[in-house]
Amino acid sequence: MEYVDLHLHTTASDGVMTPTEIVKYAKAKGLRAIAITDHDTIEGLEEGLAEAGKIDLEVIPGIEISAEHSSGSMHLLGYFIDIYHPLLHERLGYLQKARGERNPKMVEKLNQLGIEITYEEVLKASGGGQVGRPHFAQVLMEKKYVRNFQEAFERFLRKGAPAYVDKLRFTPKEALHFINEVKGVAVLGHPNTLGMNGYSELENLLLKLIGSGLRGIEVYYPEHSPLEIAQYKNLAERYGLLMTGGTDYHGIEKNGLDIGVGKGDMKLPYSIVENLKAARNQYFQSGR
Ligand code: AMP
Ligand code: FE
Ligand code: FE
Ligand code: ZN
């Protein structure tokens, strides 16, 4: 059996490995295919695809977009996006601008809390890629304000914590529309972070998302309980959604989590990729 991992981050967003490194690592781990799904950016994709061409590993160009949602957080994955589509560049440019405005405000808030941190330090931690809260966490750790990554989020960075500043996001409808416009297959990432109250609340939300172009649901994810997985499978079957999965490997924060296998027991067959491809090809046949 050949396995895949369809949710990975690189240095282009808040992962630790460069696109080249992650492709090589996936190959060394014996995977057949991966998707690079950085937050709000495609900066890592050209490099990842180029490296994939050199070694025999399939890399799916992907993205993970944060969308507006009243409780918890909603992340929408896009697979097989057209990385040269002008609309994609326009929309991501907008998100970069939103980040550019948010990040200095978080530095200010931390300073007001008596923490000596500069924007330059955070930029440096990002290694030149997109700057996000994990890079703040890294600096707070390095400067010994916190003992670990989780403490940085708990005390300062999580939604509602004293240094948190929200940033502009697309509505789910807007995000789904543009993922579809740029030929991506849209999948709801890790539904367990949505903060939904039970099966029917998630079902109602899914129906709305499907109406806006959602095609799949990330069923297999290291943080999903067996019960959650069963629920998501059931909903996917009921509404004809693709079932995908991935580890969300960043390389820093989640101890004991590894690419391809998650916490050790994940095994995602290549048929997931074949199903995604079939969904993508339906678009082309319908003239999109
Ligand atoms: P940002 O896009 O800059 O708001 O940062 C979001 C990223 O921070 C997520 O993709 C995660 O990698 C990380 N993150 C968010 N919340 C937490 C949390 N409570 N604990 C650990 N990491 C988190
Ligand atoms: Fe992340
Ligand atoms: Fe996510
Ligand atoms: Zn992710």
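The values are calculated or read from the model by the stated rules, or taken from the named source; none is laboratory data. Here the structure is a predicted model, which means the values were calculated and not measured. Methodologically, a virtual Cβ is constructed for each residue, glycine included, from the backbone with ideal geometry; neighbour enumeration extends over all protein chains shown.
Some notes on this structure:
- Checked against the criterion of being modelled with pLDDT of 95 or more and either closer than 19 Å to residue 229 by Cα or exposed (fewer than 15 other Cβ atoms within 10 Å of the Cβ) (or both), the candidates 190, 177 yield just one match: 190.
- Within the option set 10, 20, being over 23 Å from residue 217 (Cβ atoms), surrounded by 17 or more Cβ atoms within 10 Å (Cβ to Cβ) and more than 16 Å from ligand 2 (Cβ to nearest atom) holds for one residue only, 20.
- Residue 160 being part of a loop (DSSP other than H, G, I, E, B), out of contact with any Asp or Glu (no Cβ under 7 Å at 6 or more places or on another chain) and exposed (fewer than 15 other Cβ atoms within 10 Å of the Cβ): yes
- Conditions (1) more than 16 Å from ligand 2 (Cβ to nearest atom); (2) in contact (Cβ under 8 Å) with a residue 12 or more places away in the chain; (3) of a type outside the set (Gly, Ala, Ser); (4) farther than 26 Å from residue 205 by Cα: number failed by residue 90: (2)
- Residue count, the stretch 32-42 (criterion: under 22 Å from residue 178 (Cβ atoms) and more than 15 Å from ligand 4 (Cβ to nearest atom)): 0
- Filtered by the rule that a residue be touching a helix residue (DSSP H, G or I) at 6+ places or on another chain (Cβ under 9 Å), among the charged types (D, E, K, R) and in a loop (DSSP other than H, G, I, E, B), the stretch 109-157 gives 116, 143, 147.
To keep it simple, each residue is scored yes or no on (1) within 27 Å of residue 91 (Cα to Cα); (2) outside any strand (DSSP E or B); (3) in contact with a Gly (Cβ under 9 Å, 6 or more places away or on another chain).
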{"residue": "178", "(1), (2), (3)": "yes, yes, yes"}
{"residue": "197", "(1), (2), (3)": "no, yes, no"}
{"residue": "200", "(1), (2), (3)": "no, yes, no"}
{"residue": "205", "(1), (2), (3)": "yes, yes, no"}
{"residue": "208", "(1), (2), (3)": "yes, yes, no"}
{"residue": "218", "(1), (2), (3)": "yes, no, yes"}
{"residue": "228", "(1), (2), (3)": "no, yes, no"}
{"residue": "232", "(1), (2), (3)": "no, yes, no"}
{"residue": "235", "(1), (2), (3)": "no, yes, no"}
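- Residues satisfying the criterion are absent from the stretch 52-61 (criterion: of a type outside the set (Asp, Glu), closer than 24 Å to residue 181 by Cβ, in a loop (DSSP other than H, G, I, E, B) and more than 10 Å from the chain's Cα centre (by Cα)).
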